[in-house]
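A quick write-up on the structure given underneath.
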Amino acid sequence: MVKPAFSHVTQWVFDLDNTLYPPQMRLFDQIEVLMTEYVVEALRVDRAEADRLRQHYWREHGTTLAGLMAEHDLDPEPYLHAVHQVDLSHMEPDPTLAAHIRALPGRRIVYTNGSAPYAERVLASRGLDGLFDAIYGVEHAGYRPKPDKAAFETVFSRDGIHPDRAAMFEDEPRNLKAPHDMGMRTVHVAPDPHEADHIHHHTDDLTAFLARLI
């Protein structure tokens, strides 16, 4: 049974993209296009090279932004503003998911590698605004991204998260390694499971999974 595995949890940490909305909404597709366009303009390269660099930065530094900052001393704020100018008109509210999140006992936060203002817009489009005690973006971790353990430590220290009483919901498997090592219960939210020692649970339906916990 799943519920007993979360009986100690009083702090709930949710990633945003492809976690609090399903991948089928393809919101990150828009962001990837905007990131590529930003790299084209910032580095004066063609689109193919920008795509290659974006993937290189993601692999080596955790995010495109982290790579641009590390290798080109890029100012993060204009970048974060530009790449999050996405169309949310196709996003659909999920009142059942909202009800299940509201029913979770204790403190609930969102922690994303995107920006907090972007997260607030997405949550509103999903009908999930007002449910979380705090929303943290990459800016709250000094622009260090997940999966960097120091990024988690910065945000969790700021919020007062106690990992031994917390759970992390995340679509990217590598972003669950640090939370697991810190003592958190980890849930991989994605269409397909990823077998790894640092992943305790997998679900392809966050709403249904949360229904089993309340």
Worksheet item: Carbon and sulfur: what percent of the chain's accessible surface (1.4 Å probe)?
Response: 48 percent
Discussion item. Could you compute how fast region 10-83 diffuses translationally, taking Rh as the Kirkwood radius over C-alpha pairs and applying Stokes-Einstein at 20 °C with viscosity 1.002 mPa s? Give it in µm² per second.
Written reply: 162 µm²/s
Worksheet, complete the sentence: Simple spin-label estimate for ASP181/ARG102, 7 Å along Cα→Cβ, in nm, reads 3.9 nm
Item to complete: Considering Cα pairs under 8 angstrom that are at least six residues apart, work out the relative contact order of the chain and quote it in whole percent.
Response: 25 percent
Discussion item. Within 10 Å of each candidate Cβ there may be at most 10 other Cβ atoms; applying that plus a DSSP loop requirement, which GluC sites (Glu not before Pro) in region 1-68 survive?
Written reply: none
Discussion item. Let's test the formula: R0 of 22 Å, r as the Cβ-Cβ distance of ALA5 and ASP197. What FRET efficiency results, to the nearest 0.05?
Written reply: 0.90
Worksheet item: Tell me, in nm to one decimal, what length is gained between LEU43 and ARG212 on full extension, where the rule is 0.36 nm per residue of separation less the Cα-Cα distance?
Response: 56.0 nm
Worksheet item: By its C-alpha gyration tensor, with a ≥ b ≥ c as the square roots of the eigenvalues, how is region 99-160 shaped: rounded for a/c under 1.5, else prolate for a/b larger than b/c, else oblate?
Response: oblate
Worksheet entry | 5 angstrom amide H check on THR186, placed H, neighbours 5+ away | MET168, HIS200, HIS201
Response to the item:
Placing each pseudo-label 7 Å from Cα in the direction of the beta carbon, SER157 and ARG52 end up separated by a distance in nanometres of 3.9 nm
Worksheet item: What base-10 log of the normalised intensity I(q)/I(0) is obtained for the chain from the Debye formula, alpha carbons as equal point scatterers, at q = 0.15, 0.17 Å⁻¹?
Response: -0.96, -1.23
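The values are calculated or read from the model by the stated rules, or taken from the named source; none is laboratory data. Note that the structure is a prediction, hence the values are computed from the model and not measured. All Cβ positions, even for glycine, are placed from backbone atoms using ideal geometry, and neighbour counts span all protein chains on display. What goes into the accessible areas is simple: the full protein's heavy atoms, side chains included, and nothing from ligands, DNA or RNA. Shrake-Rupley method; radii C 1.70, N 1.55, O 1.52, S 1.80 Å.
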